[in-house]
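First the structure, in the form of structure tokens, and then the observations on it.
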Amino acid sequence: MKAARIHEHGGREVLRVEEILKPDPQAGQVCIQLKASALNHLDIWVRKGIPGVPLPLIMGSDGAGVICKLGENTDKFSIGDPVIIQPLVYCGECRNCQSGNENVCDKMGIRGESTDGTNCEFIVLDEKFVEPKPENISFSEAAAFPLVGQTAYQMLINRAKIQPGENVLVWGAGSGVGHMAVQIAKIVGCNVIATAGSDEKCSFANKLGADLVVNHYNKNVIDEVKKFCGKVDVVFEHVGSATWDISMNVLNNGGRVVTCGATTGPKAAIDLRHLFFKQQTILGSTMGNADALTQVIKLIADEKLIPQVDKIFSLDDIAIGHEYLEHSEQFGKVVIDI
Ligand SMILES: [Zn+2]
């Protein structure tokens, strides 16, 4: 089968589309013929090099396809069923997994980072990592949302516990997690201030339902938030060094900053006096628990949440897809057609 792998870390030239052996399902596993997978910023980090990546590695965290072969002792699916892949890897047996916190499992990983991923024609998975695909979305749309949808849901619902009527600031509404966050916060009934880096992305953020959209390159976010609502109750952070001071500046008494990433750099300072006096909370978040994916799939099946596919590349052109993502040109997701 065809797969996009890396054998070493580096630039886009290390991506190799090559023929490898097709996997065979063991007991409790199913084989999925992938129809679409998607790119995430994680792929860029993995390609450039982060600790603990096994090489060679099939890239890609998200995927959707059809069940093409069943291992023994499987009962969840039939051949031909359209399905979505859970990007989170977990043991299912430890205390954290048993209590529904699979994303803090000791053996927690992400497909395409700690184990082979979805940028390939076939993948074999334990049944627990496979969910039925809603009928109202295409395979491209089905591949576009799992990792970012699950991550945004975990951050806003399970970590920050957003409430109707709260003011929520979402940085980078054009990004994968950002476009999911705007919609999830609106579904809950929050007032959403979104930022984006171009007028075109700002108008997309408006269409997603944001109540105020600020172009963060030519407007002062602190001033715009002040005019709109004074301070915000929750900041959805994934940008890091470039935005951290503003995130803390606009945060209300009792407010929460929830962060899942640091695309502009990991170093940030906090003034502890402000933190304790204003009784604010900083929440770290990675991926989501298994239920977060189930809930996001439900919201999509109910057409409350819409995954946005920006551009589709073929598996052979995956390096061009990486380049497009690295230039942050997309609104929503970059999908790989398989
Ligand atoms: Zn576990």
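State whether the residues of the range 103-122 include one that is crowded, with 24+ Cβ neighbours inside 10 Å and over 21 Å from W45 (Cα atoms). Taking every residue of the range 103-122 in turn, none turns out to be crowded, with 24+ Cβ neighbours inside 10 Å and over 21 Å from W45 (Cα atoms). Scanning the range 260-282 for residues that are touching a Ser or Thr at 6+ places or on another chain (Cβ under 9 Å) and without any contact (Cβ under 8 Å) to a residue 60 or more places away in the chain turns up A262, T264, G265, P266, K267, A268, L275, I282.
I need a count of the residues in the range 72-90 that are within 14 Å of the ligand (Cβ to nearest atom) and either outside the structural domain of Q29 (by TED's automatic domain parsing) or over 24 Å from A38 (Cα atoms) (or both). Reasoning before the result, please.
First, the residues of the range 72-90 that are within 14 Å of the ligand (Cβ to nearest atom): 86, 88-90.
Checking which are either outside the structural domain of Q29 (by TED's automatic domain parsing) or over 24 Å from A38 (Cα atoms) (or both) leaves us with none.
Within the range 72-90, residues that are within 14 Å of the ligand (Cβ to nearest atom) and either outside the structural domain of Q29 (by TED's automatic domain parsing) or over 24 Å from A38 (Cα atoms) (or both) number 0.
For S175, indicate whether it is farther than 14 Å from H238 by Cα and hydroxyl-bearing (S, T, Y). Answer is no for this residue.
Say whether the condition of being part of a loop (DSSP other than H, G, I, E, B) and either without any contact (Cβ under 8 Å) to a residue 60 or more places away in the chain or in contact with a Pro (Cβ under 8 Å, 6 or more places away or on another chain) (or both) is met by at least one residue in the range 183-195. Checked the range 183-195: at least one residue is part of a loop (DSSP other than H, G, I, E, B) and either without any contact (Cβ under 8 Å) to a residue 60 or more places away in the chain or in contact with a Pro (Cβ under 8 Å, 6 or more places away or on another chain) (or both). Residues in the range 157-171 include none that are within 15 Å of the chain's Cα centre (by Cα), surrounded by fewer than 24 Cβ atoms within 10 Å (Cβ to Cβ) and outside the structural domain of V235 (by TED's automatic domain parsing). There is no residue in the range 249-261 that is surrounded by fewer than 18 Cβ atoms within 10 Å (Cβ to Cβ), of a type in the set (K, R) and not in a loop (DSSP other than H, G, I, E, B).
Checking the range 127-134 against the condition returns a match, with at least one residue being within 14 Å of the ligand (Cβ to nearest atom) and either among the aromatic types (F, W, Y) or in the same structural domain as L55 (by TED's automatic domain parsing) (or both). Of N119, N206, N191, all but one fail to be assigned by TED's automatic domain parsing to the domain that holds G52, more than 16 Å from the ligand (Cβ to nearest atom) and not β-branched (V, I, T); the exception is N119. Restricting K226, K311, K267 to those that are farther than 25 Å from G100 by Cα and assigned to a helix (DSSP H, G or I) reduces the list to K226.
So which of L305, L299 is in contact (Cβ under 8 Å) with a residue 24 or more places away in the chain and assigned to a helix (DSSP H, G or I)? Step through it out loud before you land on a result.
Values: L305 fails: assigned to a helix (DSSP H, G or I).
After applying the criteria, what remains is L299.
You will find that of F313, F236, F276, the residue that is modelled with pLDDT of 95 or more, among the aromatic types (F, W, Y) and outside the structural domain of Q183 (by TED's automatic domain parsing) is F313 and no other.
The values are calculated or read from the model by the stated rules, or taken from the named source; none is laboratory data. Computed from a prediction, not measured in an experiment: that's the story for all the values here. Neighbour counts run over all protein chains shown; Cβ positions are idealised from the backbone, glycine included.
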